[in-house]
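What follows is a set of notes on a single structure, which appears directly below.
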Amino acid sequence: MTPSLLRPDQPLRLVDTYPPSAPALQAIIRVEDLSIVFDGPSGQVIAVDRVSLAVAQGEFVSIVGPSGCGKSTLLNAMAGLERPFEGQVLIAGEAMRAPRPEIGMVFQQPHLFPWKSVRRNIAHGPRALGKPKAEALRIADDLIEMIGLTRFASAYPHTLSGGMQQRVAIARALANQPRVLLMDEPFGALDAQTRAVMQDNLLELRERINATIVFVTHDIDEAILLSDRVLIMSAGPGRILRDLQVSLPRPRSSAIVAEAAYLALKRDCLDLIRSEGRRAFEQMEIRT
Amino acid sequence: MSGGGRRSTSTAARLSVLVAVLSVPAFTGVWELVARSGIVNAVLFPPPSTVAVAVLEWIRSGQFFGDLVASLSRVAAGFAIGAAGGIVLGVLTGQFRLVSSLLSPLFHILRPIPPIAFVPIVILWFGLSETGKLFLVVWGVFFTVWLATHIGVQKVDRGLIRAAQMLGTPQRHMLWEIVLLGALPYITVGLRTAVSISFYTLVAAELAGAFSGIVYRIEIAQQNMQTGQVMGGLAALGLLSFVADRSFATLAERAVWWR
């Protein structure tokens with residue numbers, strides 16, 4: 001590996017490809033004119049406003065935006081946990097109306113079953129899908145080894161640290177061998193050091209699994225570090241503002257965040273978000 | 001300075017242990033003295049020694065064992081039926097809004113009525129049969145367990161349910177595994193409260209007319225002015241209720257095995 005992850009001959013570009021011109025042929029996720037509306041205390045609130053996007057097979061896409069911009073709602077719609085008001089989400093050509101086991105999800109909180117050991121938590125998915133117990137446990141043991149928690153296989157979740165719990169949650173989501181892995185700010189509740197370790201773990205993990213990953217975060221560093229593409233969302237109503245290609249070479253590690261070229265990329269993203277934040281804020285001022 | 005403070009703390013601790021150990025014997029001693037001194041009527045307020053003799057006689061005659069079995073089986077059967085019904089309906093009302101809309105208003109009206117108040121109507125309905133006694137205990141236990149389960153189910157972390165949904169958990173497993181186990185810490189608290197309640201309602205059930213049982217024995221002894229036997233019965237009932245509560249507490253801790 002080269003000491004610097006960025007080669008000078010490879011110029012960094014922000015390529016805005018939003019809205020998508022033609023649907024990518026090999027797109028596994030396709031969101032078409034999706035709107036999601038909630039009943040708020042003062043009438044209906046548009047959480048997601050006519051969003052369209054496509055994610056190619058094997059791609060790692062991050063959705064970045066301020067809190068309350070509807071990015072988690074968008075992800076929940078991809079998971080089948082949220083019903084579209086208008087439009088639809090197609091995964092592998094099929095409309096999402098309810099959760100499907102081929103689509104895995106990792107939440108901000110680990111949400112491990114407290115009454116199950118690490119091993120049984122991970123085996124839950126295969127068992128739920130009717131796999132024999134021995135096979136489910138074998139799958140669990142393989143994943144436990146991959147996340148490096150072999151010593152804790154029979155431990156109960158509350159005895160683990162937050163980072164370890166989240167690793168178990170990721171392994172549990174992977175146990176059904178999902179084609180798509182949805183991650184909703186999975187490292188948001190962790191301290192900065194643990195988060196950096198988890199990001200590196202996820203980068204390594206990604207080399208070994210062939211799932212398409214959609215990753216929601218408000219952390220622009222995290223998004224650039226992990227993704228092939230970053231979608232920037234605006235708040236009130238939730239829309240996708242920009243679709244940015246991250247042409248940083250792989251494999252990457254969290255050390256990349258100190259590179260000058262990376263910082264330039266980040267500055268561009270932040271400028272976008274800042275100007276959008278100001279616009280949304282001013283709009284809010286005018287409205288009230 | 002601090003050493004002196006520590007010493008006085010440990011002295012205080014030792015003293016309070018000593019007082020705690022001596023508490024019951026001291027009260028029993030005072031009771032014995034007062035009852036024998038003639039200050040009070042020893043027939044109405046018999047000394048502990050008389051109570052002890054009455055209890056020994058109760059045991060020797062063989063009646064004690066029969067009474068114990070009669071009372072315990074009423075409590076156990078009533079508790080089992082009431083708890084099972086409370087858990088099942090609590091899961092259903094906690095989980096399904098329609099079931100809750102149907103049953104919760106009714107349960108909330110019936111729940112605050114003390115079970116003892118049902119004794120007259122229960123006698124009309126069931127006479128002096130065992131069914132009537134069972135009904136009273138079930139009635140007392142059911143609402144407590146139902147409410148605890150209902151609240152517990154509603155407090156189950158929605159995130160756990162979403163995670164289980166994403167993993168393809170079938171609907172049936174969702175209810176009887178994720179929801180039930182998620183609510184288990186609340187349910188065990190409700191069950192423990194219900195243990196005491198089952199003994200309260202036992203009293204009402206046996207006073208309403210029975211042919212055996214600890215409270216029945218107390219009532220018979222009262223009619224015969226055997227006050228020693230009355231107090232012995234009260235002591236037996238207290239001890240029984242205490243042992244039941246303690247053993248249930250131990251059991252409940254094991255039931256929530258992951259803590």
* **Residue list for the stretch A:252-278, filter: surrounded by 13 or more Cβ atoms within 10 Å (Cβ to Cβ) and either in contact with a Cys (Cβ under 8 Å, 6 or more places away or on another chain) or under 26 Å from A:L34 (Cβ atoms) (or both)** => A:C269, A:L272, A:I273, A:E276, A:G277
* Asked: For A:I170, are the conditions met, namely being touching a residue at least 60 places away in the same chain (Cβ under 8 Å), within 29 Å of A:D243 (Cβ to Cβ) and within 14 Å of chain B (Cβ to nearest Cβ)?
  -> yes
* To do: For B:L33, indicate whether it is aliphatic (A, V, I, L, M), over 29 Å from B:Y200 (Cα atoms) and modelled with pLDDT of 95 or more.
  => no
* Asked: Quick one: how many residues across the stretch A:136-157 are assigned to a loop (DSSP other than H, G, I, E, B), surrounded by 15 or more Cβ atoms within 10 Å (Cβ to Cβ) and away from every other protein chain (no Cβ under 14 Å)?
  -> 3
* Checklist (1) more than 26 Å from A:G188 (Cβ to Cβ); (2) free of Cβ contacts under 8 Å to residues at least 60 places away in the same chain; (3) of a type in the set (D, E, K, R) applied to A:E82, failing item -> (1)
* Select, from B:Q171, B:Q165, the only residue that is closer than 19 Å to B:I87 by Cβ, more than 23 Å from the chain's Cα centre (by Cα) and of a type in the set (S, T, N, Q). => B:Q171
* To do: Please work out which residue is nearest to A:G65 (Cα to Cα), limiting yourself to the stretch A:158-179 and to residues that are surrounded by fewer than 22 Cβ atoms within 10 Å (Cβ to Cβ) and among the aliphatic types (A, V, I, L, M).
  => A:M164
* To do: Among what's in the stretch A:89-111 and is assigned to a strand (DSSP E or B) and surrounded by 18 or more Cβ atoms within 10 Å (Cβ to Cβ), pick the residue that is farthest from the other protein chains (Cβ to nearest Cβ).
  => A:V89
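One line per residue, one yes/no per condition, for (1) surrounded by 15 or more Cβ atoms within 10 Å (Cβ to Cβ); (2) more than 29 Å from B:S241 (Cβ to Cβ); (3) free of Cβ contacts under 8 Å to residues at least 24 places away in the same chain; (4) assigned by TED's automatic domain parsing to the domain that holds B:Q171:
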| position | (1), (2), (3), (4) |
| --- | --- |
| B:T11 | no, yes, yes, no |
| B:L33 | no, no, yes, no |
| B:A77 | yes, no, no, yes |
| B:G82 | yes, no, no, yes |
* Asked: Considering only the stretch B:243-259, how many residues are surrounded by 11 or more Cβ atoms within 10 Å (Cβ to Cβ) and part of a loop (DSSP other than H, G, I, E, B)?
  -> 3
* To do: Taking only the stretch B:201-229 into account, find how many residues are under 25 Å from B:L44 (Cβ atoms) and part of a helix (DSSP H, G or I).
  => 17
* **Which listed residue, of B:G168, B:G159, is within 14 Å of chain A (Cβ to nearest Cβ), closer than 30 Å to A:H124 by Cβ and in a helix (DSSP H, G or I)** => B:G159
* Asked: Looking at B:L180, B:L175, which one is within 14 Å of chain A (Cβ to nearest Cβ), in contact (Cβ under 8 Å) with a residue 60 or more places away in the chain and farther than 15 Å from B:A148 by Cα?
  -> B:L175
* To do: Look at the stretch A:56-76 and say how many of its residues are within 14 Å of chain B (Cβ to nearest Cβ) and out of contact with any Leu (no Cβ under 6 Å at 6 or more places or on another chain).
  => 3
* Evaluate the stretch B:48-56: report whether one residue or more is surrounded by 18 or more Cβ atoms within 10 Å (Cβ to Cβ) and hydroxyl-bearing (S, T, Y). => yes
* Which residue out of A:K133, A:K116 is at the interface with chain B (Cβ under 9 Å from one of its Cβ atoms) and either farther than 22 Å from A:F187 by Cα or of a type outside the set (F, W, Y) (or both)? -> A:K116
* Asked: When you look at A:E86, is it farther than 30 Å from A:L270 by Cα, surrounded by fewer than 19 Cβ atoms within 10 Å (Cβ to Cβ), out of contact with any Ser or Thr (no Cβ under 8 Å at 6 or more places or on another chain) and at pLDDT below 95, yes or no?
  -> no
* Can you find even one residue in the stretch A:119-126 that is within 11 Å of chain B (Cβ to nearest Cβ), surrounded by 23 or more Cβ atoms within 10 Å (Cβ to Cβ) and aliphatic (A, V, I, L, M)? -> yes
* Structure fact -> Of A:V48, A:V55, A:V118, A:V61, the only residue that is touching a helix residue (DSSP H, G or I) at 6+ places or on another chain (Cβ under 8 Å), in contact (Cβ under 8 Å) with a residue 60 or more places away in the chain and at negative phi is A:V48
* To do: Name every residue in the stretch A:172-199 that is in a helix (DSSP H, G or I) and not aliphatic (A, V, I, L, M), in order of residue number.
  => A:R172, A:Q193, A:T194, A:R195, A:Q199
* Within the stretch A:227-251, which residues are over 22 Å from A:G68 (Cα atoms) and surrounded by 20 or more Cβ atoms within 10 Å (Cβ to Cβ)? -> A:V246
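Residue-wise test of (1) surrounded by 21 or more Cβ atoms within 10 Å (Cβ to Cβ); (2) modelled with pLDDT under 95; (3) more than 30 Å from A:H111 (Cβ to Cβ).
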site: B:L102; (1), (2), (3): no, no, yes
site: B:I113; (1), (2), (3): no, yes, yes
site: B:P120; (1), (2), (3): no, yes, yes
site: B:F126; (1), (2), (3): no, yes, yes
site: B:E130; (1), (2), (3): no, yes, yes
site: B:V145; (1), (2), (3): yes, no, no
site: B:A148; (1), (2), (3): yes, no, no
site: B:D157; (1), (2), (3): no, yes, no
site: B:T201; (1), (2), (3): yes, yes, yes
* Asked: Does the stretch B:57-72 contain at least one residue that is surrounded by fewer than 21 Cβ atoms within 10 Å (Cβ to Cβ), over 22 Å from the mean Cα position of the chain (by Cα), over 24 Å from B:A205 (Cβ atoms) and in the same structural domain as B:A208 (by TED's automatic domain parsing)?
  -> yes
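The values are calculated or read from the model by the stated rules, or taken from the named source; none is laboratory data. For clarity, every value in this text was computed on a predicted model and none was experimentally measured. All Cβ positions, glycine included, derive from the backbone under ideal geometry; neighbour counts span all protein chains shown.
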